[in-house]
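First comes the structure, then the notes that go with it.
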Amino acid sequence: MTIRAWVRMPSGKRLDLLNPTPFDWDDADLALGLARTYRWGGHSAWPLPLSVAQHSICVMLLRRAASDVPLAPVVELRELLHDAEEGLLGFDAVSPLKPFLGEGFKALTQRLEQMVFLRYGLPAWTPAEHAKHKQADRLAAASEAVHVVGWKEEEVWNTLKIRAAVLEEDPLAERYRCRPWEPWPPVVAAERFLIELDHLTQRIDAGDVHD
């Protein structure tokens, strides 16, 4: 008997986590899934935890700001969707825990990631592009650790082993006129993520290759 791991999406679509296809969710499903999936094990110094949706927008903005040249929409979209498989799975494992989850879990997340790349037409990471992405991702993580979770700056390096500076200014605050570093409610995170996703996919569909 074939083993299935069905997830029913809010849209009514069904996703088999063990055998996914690119057609098993719509954009709103993904946005809501990421808005309801939390970083840092769900722990937060604020009333709400930080969603993967909010983190993903932050990483995209940091990657944009660090670039000497305008990024193509598909590059920004890849940044926005860099953790998209977590929204489909509904789980963001704390990084040091991942090796203990085994090769089966690694293969599952890789299949989901492949379906995301296929659905949205994302190019594979080159080593140079992935290094730039990781710089933005680590910068976001170090800053979240202090401003969202409550770690001290020296603990970011010495305890968490995140080799990145800690930002004082929240990249999201100016864009959304929100309180710096405060996690958004899921409905807000989903709406803002979906707007960013729609904007980038529309530009790609229109043939826009520059920011």
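The values are calculated or read from the model by the stated rules, or taken from the named source; none is laboratory data. Given the structure is predicted, the values throughout are model-derived calculations rather than measurements. Ideal geometry is used to build each Cβ from the backbone, glycine not excepted, and the neighbour counts take in all protein chains shown. Surface accessibility is based on the protein's heavy atoms, side chains included, excluding ligands, DNA and RNA. Shrake-Rupley method; radii C 1.70, N 1.55, O 1.52, S 1.80 Å.
Only one of these conditions is not met by Leu200: (1) more than 18 Å from Pro73 (Cα to Cα); (2) in contact (Cβ under 8 Å) with a residue 12 or more places away in the chain. Which number is it?
(1)
For the condition of a type in the set (Val, Ile, Thr), out of contact with any helix residue (DSSP H, G or I) (no Cβ under 6 Å at 6 or more places or on another chain) and modelled with pLDDT of 95 or more, what is the one hit in Val148, Val166, Val156?
The match here is Val148.
From the list Trp46, Trp25, exactly one residue is modelled with pLDDT of 95 or more, more than 21 Å from Tyr120 (Cα to Cα) and in a loop (DSSP other than H, G, I, E, B). Which is it?
Being modelled with pLDDT of 95 or more, more than 21 Å from Tyr120 (Cα to Cα) and in a loop (DSSP other than H, G, I, E, B) holds for just one of Trp46, Trp25, which is Trp46.
Going by the conditions given, is Gly12 part of a helix (DSSP H, G or I), surrounded by fewer than 19 Cβ atoms within 10 Å (Cβ to Cβ) and either small (Gly, Ala, Ser) or within 13 Å of the chain's Cα centre (by Cα) (or both)?
For Gly12, the condition - part of a helix (DSSP H, G or I), surrounded by fewer than 19 Cβ atoms within 10 Å (Cβ to Cβ) and either small (Gly, Ala, Ser) or within 13 Å of the chain's Cα centre (by Cα) (or both) - is not met.
Kindly check whether there is at least one residue in segment 36-43 that is basic (Lys, Arg), within 20 Å of the chain's Cα centre (by Cα) and modelled with pLDDT of 95 or more.
Yes: segment 36-43 contains one or more residues that are basic (Lys, Arg), within 20 Å of the chain's Cα centre (by Cα) and modelled with pLDDT of 95 or more.
Conditions first: (1) within 21 Å of Gln110 (Cα to Cα); (2) open to solvent by less than 10 Å² (accessible area, probe 1.4 Å); (3) in contact (Cβ under 8 Å) with a residue 40 or more places away in the chain. Leu50 passes all but one, so which condition is the exception?
The failed condition is (1).
Listed here are the residues, each with its yes/no results for (1) acidic (Asp, Glu); (2) open to solvent by 20 Å² or more (accessible area, probe 1.4 Å); (3) part of a helix (DSSP H, G or I); (4) at pLDDT 95 or above.
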{"position": "Ser56", "(1), (2), (3), (4)": "no, no, yes, yes"}
{"position": "Met60", "(1), (2), (3), (4)": "no, no, yes, yes"}
{"position": "Leu71", "(1), (2), (3), (4)": "no, no, no, yes"}
{"position": "Leu77", "(1), (2), (3), (4)": "no, no, yes, yes"}
{"position": "His82", "(1), (2), (3), (4)": "no, no, no, yes"}
{"position": "Thr109", "(1), (2), (3), (4)": "no, yes, yes, yes"}
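With the requirement that a residue be under 15 Å from His55 (Cβ atoms) and not acidic (Asp, Glu), what does segment 170-184 give you?
Result: Pro171, Leu172, Ala173, Arg175, Tyr176, Cys178, Pro180, Trp181, Pro183, Trp184.
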